[in-house]
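Before anything else, here's the structure in question.
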Amino acid sequence: MEITEKAPAKLNLCLDTPFRHSDGSPEWSMVMTAVDLADYVQITTHTDSLAICVETNSGFLPCDQRNLAYQAAKLLQRKYKIQEGVSIKIQKNIPVAAGMGGGSADAAAVLRGLNKIWELGLSKAELAKLALSIDSDVPFCVYSTPAHVTGKGEIITPLPKLPQMWIVIAKMKTSVSTPKILRSIDYDTLPHQNVDAVVQAIKNNDPQNLCQHMGNSLEAVTSQRHPNILVLKEKMLKFGADAAVMSGSGPTVFGICKKHSRAQHLYNSLKGFCQNVYLVRPIDLQQSEEH
Ligand code: ATP
(Lines give C-alpha, C1' and ligand atoms only; values in the text may rest on other atoms or scores of the structure.)
Protein backbone atom coordinates (compact mmCIF):
# COMPACT_ATOMS: atom_id res chain seq x y z
CA MET A 1 0.00 0.00 0.00
CA GLU A 2 1.19 3.53 -0.69
CA ILE A 3 0.10 6.93 0.56
CA THR A 4 1.59 10.45 0.35
CA GLU A 5 1.04 12.79 3.28
CA LYS A 6 1.62 16.53 3.36
CA ALA A 7 3.82 17.53 6.31
CA PRO A 8 3.40 21.29 6.92
CA ALA A 9 5.90 23.40 8.88
CA LYS A 10 4.73 24.92 12.16
CA LEU A 11 5.21 28.39 13.59
CA ASN A 12 4.79 29.54 17.17
CA LEU A 13 2.62 32.67 17.23
CA CYS A 14 3.28 32.76 20.96
CA LEU A 15 5.61 30.60 23.05
CA ASP A 16 6.15 30.48 26.79
CA THR A 17 7.46 27.92 29.25
CA PRO A 18 6.18 28.46 32.80
CA PHE A 19 8.41 25.83 34.50
CA ARG A 20 10.62 22.79 34.02
CA HIS A 21 9.29 19.31 34.98
CA SER A 22 11.35 17.11 37.31
CA ASP A 23 12.41 14.97 34.30
CA GLY A 24 14.01 18.11 32.78
CA SER A 25 11.40 18.70 30.05
CA PRO A 26 9.77 22.14 29.84
CA GLU A 27 6.07 22.74 30.49
CA TRP A 28 4.81 24.62 27.41
CA SER A 29 2.14 27.18 26.71
CA MET A 30 2.18 27.90 22.99
CA VAL A 31 -0.14 29.09 20.26
CA MET A 32 0.81 27.27 17.08
CA THR A 33 -0.24 27.19 13.46
CA ALA A 34 0.71 25.14 10.43
CA VAL A 35 1.70 27.01 7.26
CA ASP A 36 1.70 26.14 3.57
CA LEU A 37 5.43 25.38 3.43
CA ALA A 38 5.51 21.60 3.56
CA ASP A 39 7.52 18.42 3.12
CA TYR A 40 5.84 15.56 1.24
CA VAL A 41 6.18 12.11 2.76
CA GLN A 42 5.54 9.05 0.61
CA ILE A 43 4.91 5.95 2.73
CA THR A 44 4.92 2.47 1.16
CA THR A 45 4.40 -0.74 3.13
CA HIS A 46 5.67 -4.17 2.00
CA THR A 47 5.51 -7.71 3.29
CA ASP A 48 8.96 -9.03 2.27
CA SER A 49 10.72 -7.85 5.47
CA LEU A 50 10.19 -5.76 8.60
CA ALA A 51 12.84 -3.24 7.51
CA ILE A 52 12.14 0.50 7.74
CA CYS A 53 13.99 2.54 5.09
CA VAL A 54 14.11 6.31 4.87
CA GLU A 55 15.27 8.31 1.84
CA THR A 56 15.36 12.09 1.55
CA ASN A 57 16.43 14.62 -1.08
CA SER A 58 18.42 16.46 1.62
CA GLY A 59 22.10 15.66 2.03
CA PHE A 60 22.13 16.78 5.67
CA LEU A 61 19.64 14.38 7.18
CA PRO A 62 20.26 11.02 8.84
CA CYS A 63 18.23 8.22 7.21
CA ASP A 64 18.61 5.69 10.05
CA GLN A 65 16.90 5.44 13.44
CA ARG A 66 17.90 9.07 14.16
CA ASN A 67 15.36 10.25 11.59
CA LEU A 68 12.10 11.16 13.32
CA ALA A 69 10.06 9.68 10.44
CA TYR A 70 11.85 6.34 11.00
CA GLN A 71 11.06 6.55 14.74
CA ALA A 72 7.37 7.13 13.99
CA ALA A 73 7.14 4.04 11.77
CA LYS A 74 9.03 1.92 14.32
CA LEU A 75 6.74 3.10 17.12
CA LEU A 76 3.53 1.94 15.37
CA GLN A 77 5.09 -1.22 13.90
CA ARG A 78 6.30 -2.33 17.35
CA LYS A 79 3.25 -1.26 19.40
CA TYR A 80 0.72 -2.92 17.06
CA LYS A 81 2.99 -5.90 16.19
CA ILE A 82 2.67 -5.24 12.46
CA GLN A 83 4.46 -7.83 10.30
CA GLU A 84 5.25 -5.40 7.47
CA GLY A 85 8.17 -3.17 6.52
CA VAL A 86 7.95 0.50 5.52
CA SER A 87 9.75 2.64 2.92
CA ILE A 88 9.58 6.37 3.52
CA LYS A 89 10.58 8.94 0.90
CA ILE A 90 10.76 12.52 2.19
CA GLN A 91 10.73 15.43 -0.21
CA LYS A 92 12.28 18.02 2.10
CA ASN A 93 11.20 21.64 1.61
CA ILE A 94 11.19 22.83 5.24
CA PRO A 95 14.62 24.16 6.32
CA VAL A 96 16.32 21.82 8.82
CA ALA A 97 16.99 22.83 12.46
CA ALA A 98 15.20 26.13 11.89
CA GLY A 99 12.53 26.10 14.63
CA MET A 100 9.86 25.15 12.09
CA GLY A 101 9.36 21.57 13.27
CA GLY A 102 10.39 19.91 10.01
CA GLY A 103 11.40 16.60 11.59
CA SER A 104 8.28 16.58 13.76
CA ALA A 105 6.08 17.28 10.73
CA ASP A 106 7.58 14.28 8.88
CA ALA A 107 7.10 12.02 11.92
CA ALA A 108 3.47 13.14 12.28
CA ALA A 109 2.87 12.50 8.57
CA VAL A 110 4.15 8.92 9.01
CA LEU A 111 1.86 8.42 12.03
CA ARG A 112 -1.17 9.68 10.09
CA GLY A 113 -0.27 7.69 6.98
CA LEU A 114 0.39 4.37 8.73
CA ASN A 115 -2.76 4.83 10.87
CA LYS A 116 -4.67 4.79 7.55
CA ILE A 117 -2.68 2.06 5.76
CA TRP A 118 -2.69 -0.34 8.72
CA GLU A 119 -6.31 0.59 9.62
CA LEU A 120 -5.37 1.17 13.27
CA GLY A 121 -8.39 3.40 13.85
CA LEU A 122 -6.49 5.74 16.19
CA SER A 123 -8.04 9.17 16.84
CA LYS A 124 -5.91 12.33 16.48
CA ALA A 125 -5.80 12.53 20.31
CA GLU A 126 -4.55 8.92 20.58
CA LEU A 127 -1.92 9.52 17.90
CA ALA A 128 -0.84 12.73 19.65
CA LYS A 129 -0.37 10.87 22.93
CA LEU A 130 1.88 8.30 21.25
CA ALA A 131 3.65 11.06 19.31
CA LEU A 132 5.03 12.75 22.43
CA SER A 133 7.65 10.01 22.86
CA ILE A 134 9.20 11.10 19.52
CA ASP A 135 9.43 14.87 20.11
CA SER A 136 7.40 17.58 21.86
CA ASP A 137 6.22 19.15 18.54
CA VAL A 138 4.96 15.88 16.98
CA PRO A 139 1.56 15.91 18.80
CA PHE A 140 0.77 19.37 17.36
CA CYS A 141 1.94 18.28 13.90
CA VAL A 142 -0.47 15.30 14.02
CA TYR A 143 -3.30 17.88 14.11
CA SER A 144 -1.66 20.76 12.18
CA THR A 145 -4.63 22.95 13.05
CA PRO A 146 -4.39 26.31 14.91
CA ALA A 147 -4.09 25.29 18.56
CA HIS A 148 -3.13 26.18 22.12
CA VAL A 149 -0.52 23.58 23.08
CA THR A 150 0.22 22.82 26.73
CA GLY A 151 1.73 20.10 28.94
CA LYS A 152 4.96 18.69 27.53
CA GLY A 153 3.45 19.28 24.07
CA GLU A 154 0.77 16.58 24.15
CA ILE A 155 -2.28 18.65 25.17
CA ILE A 156 -3.68 20.14 21.97
CA THR A 157 -6.67 22.46 22.26
CA PRO A 158 -7.79 23.42 18.74
CA LEU A 159 -8.62 27.10 18.11
CA PRO A 160 -10.89 28.72 15.52
CA LYS A 161 -9.56 29.82 12.12
CA LEU A 162 -6.88 32.53 12.38
CA PRO A 163 -7.69 36.11 11.31
CA GLN A 164 -6.71 36.77 7.68
CA MET A 165 -2.93 37.20 7.47
CA TRP A 166 0.14 36.63 5.33
CA ILE A 167 3.38 35.47 6.88
CA VAL A 168 6.93 36.16 5.73
CA ILE A 169 9.41 33.66 7.10
CA ALA A 170 13.14 34.34 7.07
CA LYS A 171 15.85 31.92 8.10
CA MET A 172 19.45 32.94 8.51
CA LYS A 173 22.39 30.62 7.80
CA THR A 174 22.82 29.67 11.47
CA SER A 175 21.32 26.39 12.69
CA VAL A 176 20.19 26.16 16.30
CA SER A 177 20.28 23.08 18.51
CA THR A 178 16.96 22.97 20.37
CA PRO A 179 18.26 20.78 23.26
CA LYS A 180 21.15 23.24 23.85
CA ILE A 181 18.74 26.20 24.01
CA LEU A 182 16.34 24.36 26.34
CA ARG A 183 19.17 23.37 28.69
CA SER A 184 20.32 26.98 28.96
CA ILE A 185 16.94 28.43 30.05
CA ASP A 186 17.20 30.25 33.38
CA TYR A 187 13.65 30.15 34.73
CA ASP A 188 14.41 32.90 37.29
CA THR A 189 15.04 35.49 34.60
CA LEU A 190 13.02 34.18 31.63
CA PRO A 191 10.56 36.80 30.30
CA HIS A 192 6.97 35.49 30.04
CA GLN A 193 4.22 35.99 27.45
CA ASN A 194 0.52 36.74 27.68
CA VAL A 195 -0.47 33.55 25.85
CA ASP A 196 -4.10 33.83 27.00
CA ALA A 197 -4.38 37.22 25.25
CA VAL A 198 -3.28 35.60 21.97
CA VAL A 199 -5.78 32.76 22.44
CA GLN A 200 -8.52 35.32 23.11
CA ALA A 201 -7.54 37.44 20.10
CA ILE A 202 -7.93 34.39 17.84
CA LYS A 203 -11.29 33.54 19.42
CA ASN A 204 -12.41 37.15 18.82
CA ASN A 205 -10.96 37.20 15.25
CA ASP A 206 -9.00 40.27 16.34
CA PRO A 207 -5.73 40.65 14.35
CA GLN A 208 -4.80 43.86 16.19
CA ASN A 209 -4.61 42.19 19.59
CA LEU A 210 -3.07 39.06 18.09
CA CYS A 211 -0.16 41.11 16.70
CA GLN A 212 0.16 43.09 19.93
CA HIS A 213 0.53 40.02 22.16
CA MET A 214 2.58 37.69 19.98
CA GLY A 215 5.95 36.82 21.52
CA ASN A 216 8.47 34.11 22.28
CA SER A 217 10.13 33.63 25.66
CA LEU A 218 13.03 31.73 24.06
CA GLU A 219 13.95 34.75 21.93
CA ALA A 220 15.93 36.17 24.84
CA VAL A 221 17.84 32.88 25.23
CA THR A 222 18.64 32.18 21.55
CA SER A 223 19.46 35.79 20.66
CA GLN A 224 22.18 35.84 23.32
CA ARG A 225 24.05 33.33 21.12
CA HIS A 226 22.75 34.72 17.81
CA PRO A 227 22.17 38.49 18.15
CA ASN A 228 21.37 38.66 14.41
CA ILE A 229 17.90 37.38 15.29
CA LEU A 230 17.06 40.73 16.87
CA VAL A 231 18.51 42.61 13.89
CA LEU A 232 16.34 40.57 11.53
CA LYS A 233 13.28 41.19 13.70
CA GLU A 234 13.91 44.94 13.65
CA LYS A 235 14.30 44.83 9.86
CA MET A 236 10.95 43.05 9.50
CA LEU A 237 9.17 45.69 11.58
CA LYS A 238 10.93 48.48 9.65
CA PHE A 239 9.90 46.93 6.32
CA GLY A 240 6.23 46.90 7.36
CA ALA A 241 5.42 43.74 9.36
CA ASP A 242 2.57 44.24 11.83
CA ALA A 243 4.42 41.96 14.26
CA ALA A 244 7.63 39.92 14.11
CA VAL A 245 8.78 37.08 16.39
CA MET A 246 11.20 34.17 16.45
CA SER A 247 9.66 30.71 15.97
CA GLY A 248 10.44 27.82 18.35
CA SER A 249 14.01 27.88 19.58
CA GLY A 250 15.01 29.83 16.44
CA PRO A 251 16.75 31.06 14.44
CA THR A 252 13.78 31.51 12.08
CA VAL A 253 11.98 34.84 12.42
CA PHE A 254 8.61 35.53 10.86
CA GLY A 255 6.59 38.66 10.27
CA ILE A 256 2.81 38.89 10.12
CA CYS A 257 1.07 41.22 7.67
CA LYS A 258 -2.65 41.85 7.57
CA LYS A 259 -2.35 43.03 3.96
CA HIS A 260 -0.95 40.95 1.10
CA SER A 261 0.73 43.98 -0.56
CA ARG A 262 2.71 44.65 2.61
CA ALA A 263 3.76 41.02 2.88
CA GLN A 264 4.94 41.08 -0.74
CA HIS A 265 6.96 44.25 -0.01
CA LEU A 266 8.45 42.65 3.09
CA TYR A 267 9.32 39.49 1.13
CA ASN A 268 11.04 41.50 -1.62
CA SER A 269 12.96 43.60 0.91
CA LEU A 270 14.32 40.57 2.78
CA LYS A 271 15.33 38.57 -0.32
CA GLY A 272 19.03 38.95 -0.91
CA PHE A 273 19.61 39.87 2.74
CA CYS A 274 18.54 36.45 4.02
CA GLN A 275 19.35 32.96 2.73
CA ASN A 276 15.79 31.56 2.83
CA VAL A 277 12.69 33.75 2.63
CA TYR A 278 9.15 32.43 2.17
CA LEU A 279 5.78 34.12 1.78
CA VAL A 280 3.14 31.77 3.19
CA ARG A 281 -0.35 31.58 4.67
CA PRO A 282 -1.59 29.63 7.67
CA ILE A 283 -3.23 26.31 6.79
CA ASP A 284 -5.48 23.95 8.68
CA LEU A 285 -4.85 20.30 7.81
CA GLN A 286 -8.01 19.23 9.66
CA GLN A 287 -10.20 21.39 7.41
CA SER A 288 -8.45 20.39 4.19
CA GLU A 289 -8.97 16.71 5.15
CA GLU A 290 -12.68 17.29 5.79
CA HIS A 291 -13.33 18.99 2.42
P1 ATP B 1 12.64 21.14 16.98
O2 ATP B 1 11.30 20.50 16.71
O3 ATP B 1 13.54 20.26 17.80
O4 ATP B 1 12.55 22.56 17.41
P5 ATP B 1 13.55 22.16 14.48
O6 ATP B 1 12.23 22.50 13.94
O7 ATP B 1 14.38 23.30 14.93
O8 ATP B 1 13.42 21.11 15.62
P9 ATP B 1 14.17 20.03 12.61
O10 ATP B 1 14.23 20.43 11.17
O11 ATP B 1 13.05 19.21 13.06
O12 ATP B 1 14.38 21.36 13.44
O13 ATP B 1 15.57 19.30 12.92
C14 ATP B 1 16.03 19.10 14.22
C15 ATP B 1 16.98 17.90 14.23
O16 ATP B 1 16.22 16.72 13.92
C17 ATP B 1 18.09 17.98 13.20
O18 ATP B 1 19.30 17.83 13.90
C19 ATP B 1 17.88 16.81 12.27
O20 ATP B 1 19.08 16.13 11.94
C21 ATP B 1 16.97 15.87 13.06
N22 ATP B 1 15.98 15.16 12.20
C23 ATP B 1 15.62 13.89 12.32
N24 ATP B 1 14.71 13.56 11.39
C25 ATP B 1 14.47 14.64 10.67
C26 ATP B 1 13.61 14.92 9.55
N27 ATP B 1 12.83 13.97 9.01
N28 ATP B 1 13.60 16.17 9.08
C29 ATP B 1 14.38 17.13 9.65
N30 ATP B 1 15.22 16.92 10.68
C31 ATP B 1 15.27 15.69 11.19
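The values are calculated or read from the model by the stated rules, or taken from the named source; none is laboratory data. Predicted model only: the values in this text are computed from it and were never measured. Virtual Cβ from ideal backbone geometry, glycine too; neighbours counted across all protein chains shown.
Only one residue in Lys180, Lys171 is within 16 Å of the ligand (Cβ to nearest atom) and touching a Pro at 6+ places or on another chain (Cβ under 6 Å), so which one is that?
On the way: Lys180 fails: touching a Pro at 6+ places or on another chain (Cβ under 6 Å).
Only one candidate passes the filter, namely Lys171.
Picking from His265, His260, which residue would you name as being surrounded by fewer than 18 Cβ atoms within 10 Å (Cβ to Cβ), farther than 14 Å from Val35 by Cα and touching a residue at least 40 places away in the same chain (Cβ under 8 Å)?
His260
Gly255 - would you say it is assigned by TED's automatic domain parsing to the domain that holds Ile181, in a loop (DSSP other than H, G, I, E, B) and in contact with an Asp or Glu (Cβ under 9 Å, 6 or more places away or on another chain)?
So Gly255 fails the test.
Could you tell me how many of the residues in segment 156-174 are buried (at least 18 other Cβ atoms within 10 Å of the Cβ), modelled with pLDDT of 95 or more and either in contact with a helix residue (DSSP H, G or I) (Cβ under 9 Å, 6 or more places away or on another chain) or aromatic (Phe, Trp, Tyr) (or both)?
9
Please work out if Val41 is surrounded by 14 or more Cβ atoms within 10 Å (Cβ to Cβ), assigned to a strand (DSSP E or B) and either in contact (Cβ under 8 Å) with a residue 40 or more places away in the chain or not β-branched (Val, Ile, Thr) (or both). Lay out the reasoning, then the answer.
Details: surrounded by 14 or more Cβ atoms within 10 Å (Cβ to Cβ): yes; assigned to a strand (DSSP E or B): yes; either in contact (Cβ under 8 Å) with a residue 40 or more places away in the chain or not β-branched (Val, Ile, Thr) (or both): yes.
So Val41 fits the description; yes.
Something else about it: Filtering segment 66-100 down to residues that are among the polar types (S, T, N, Q) and either more than 9 Å from the ligand (Cβ to nearest atom) or without any contact (Cβ under 8 Å) to a residue 40 or more places away in the chain (or both), which residue is farthest from Gly250 (Cα to Cα)?
My answer is Gln83.
To keep it simple, each residue is scored yes or no on (1) part of a helix (DSSP H, G or I); (2) surrounded by 17 or more Cβ atoms within 10 Å (Cβ to Cβ); (3) away from the ligand (no atom under 16 Å from the Cβ); (4) modelled with pLDDT under 95.
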position	(1), (2), (3), (4)
Tyr187	no, no, yes, no
Val231	yes, no, yes, yes
Met236	yes, yes, yes, no
Ala241	no, yes, yes, no
Gln287	yes, no, yes, yes
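For Cys63, state whether it is within 11 Å of the ligand (Cβ to nearest atom), out of contact with any Asp or Glu (no Cβ under 6 Å at 6 or more places or on another chain) and over 29 Å from Ile155 (Cβ atoms).
Criteria met by Cys63.
Return the residue satisfying two criteria in turn: it lies in segment 44-57 and is more than 14 Å from the ligand (Cβ to nearest atom) and assigned to a strand (DSSP E or B), and of such residues it is modelled with the lowest pLDDT.
Per the stated criteria, the residue is His46.
What are the residues in segment 99-108 that are part of a loop (DSSP other than H, G, I, E, B) and of a type in the set (Gly, Ala, Ser), if any?
Gly99, Gly101
Could you grab me the full set of residues in segment 109-143 that are part of a helix (DSSP H, G or I), in contact with a strand residue (DSSP E or B) (Cβ under 9 Å, 6 or more places away or on another chain) and away from the ligand (no atom under 16 Å from the Cβ)?
Lys116, Ile117, Lys124, Ala125
Can Val221 be described as buried (at least 17 other Cβ atoms within 10 Å of the Cβ), β-branched (Val, Ile, Thr) and in contact with a Lys or Arg (Cβ under 9 Å, 6 or more places away or on another chain)?
For Val221, the condition - buried (at least 17 other Cβ atoms within 10 Å of the Cβ), β-branched (Val, Ile, Thr) and in contact with a Lys or Arg (Cβ under 9 Å, 6 or more places away or on another chain) - is not met.
Also, quick follow-up: For Ala73, are the conditions met, namely being over 25 Å from Val168 (Cα atoms) and within 17 Å of the chain's Cα centre (by Cα)?
Values: over 25 Å from Val168 (Cα atoms): yes; within 17 Å of the chain's Cα centre (by Cα): no.
The answer is no for Ala73.
Filter segment 92-114 down to residues that are within 14 Å of Asn67 (Cβ to Cβ), surrounded by fewer than 24 Cβ atoms within 10 Å (Cβ to Cβ) and not hydrophobic (A, V, I, L, M, F, W, C), then give me how many there are.
1
So which residues in segment 1-57 are polar (S, T, N, Q) and farther than 23 Å from Glu219 by Cβ?
Let us first name the residues in segment 1-57 that are polar (S, T, N, Q), namely 4, 12, 17, 22, 25, 29, 33, 42, 44-45, 47, 49, 56-57.
Across segment 1-57, the qualifying residues are Thr4, Ser22, Gln42, Thr44, Thr45, Thr47, Ser49, Thr56, Asn57.
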